[in-house]
1. Arranged from highest to lowest average of other beta-carbon atoms within 10 Å per residue, in what order do the peptides B:29-37, B:54-62 appear?
2. Could you let me know the centre-to-centre spacing of the stretch A:44-107 and the stretch B:86-123, using Cα atoms, in angstrom?
3. I'd like the mean, over residues of B:46-52, of how many other protein chain beta carbons sit within 10 Å of each residue's own Cβ.
4. Given a Förster radius of 25 Å and the C-beta distance between residue A:61 and residue A:93 as r, what FRET efficiency does 1/(1 + (r/R0)^6) yield to the nearest 0.05?
5. If chain A were replaced by its equivalent ellipsoid, with semi-axes equal to the square roots of 5 times the Cα gyration tensor eigenvalues, what would those be, largest first, whole Å?
6. Cα convex hull of the protein assembly as shown: mean projected area in nm², to one decimal?
7. In what sequence, highest mean first, do A:84-97, B:8-21, A:34-47 appear when ranked by Cβ atoms within 10 angstrom?
8. Above 17 Å lies some portion of the pair distances; for the stretch A:4-47, what is it as a whole percent of all C-alpha pairs?
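Read the figures in this text as sums done on the coordinates, not as results from a lab. Here the structure is a predicted model, which is why all the values come from computation and not from measurement. Glycine gets a Cβ as well: all are built from the backbone with ideal geometry, and neighbour counts include every protein chain shown.
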């Protein structure tokens, strides 16, 4: 299995901050990585696919990058609606696997 | 509009069995791979199983391999997860989710999720 390790586990930030979350794969995931946002009690929301492609309807302040084993999700200017937990996922090989999550909280 | 509605979650004893269902609407069900993802209380997301559009290919997480079986009934637009030999650590909300396709090409990841159904394994 490909293990996905996110860092940090928790990130404290303020509205307007630039925020970056990193995800490291235990072996090559090519660019087959997705990112999701989940708020408490809600269903995960699909943000980014193929490492850097923005899903339709997702604000342009979200961006993804990376390939191989290093990936990142960046929020260019954090908005109040962005405080949530974020997960990366590889789907290069089965079983698909998620990172453990990064909680973005208010500083 | 894509809609996915899970059902079948319940309280079950360790060693027991359960079948989850996911009723799909708003898209041509047979054209899409589907997955099951679970989330234990207060924990992160765990991918559980996947199945191809026609049902010919199935995939499982190591944690459920040999105990869970994914299947689908395309004429009925329904996805299933048959769970047996249930363990306390299988306690979670189980989501069904649709595999993302763009321009007719399977891209991967999951773009639509149901609201989930709670499975509690406890004596």
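1. B:29-37, B:54-62
2. When both Cα centres are located, 18 Å separates them.
3. 3
4. Efficiency at R0 = 25 Å is approximately 0.20.
5. Equivalent-ellipsoid dimensions as semi-axes: 22, 14, 13 Å.
6. Mean orientational projected area (the protein assembly as shown, Cα hull): 12.0 nm².
7. Taking the mean over residues of other Cβ atoms within 10 Å, the ranking is A:84-97, A:34-47, B:8-21.
8. 50 percent
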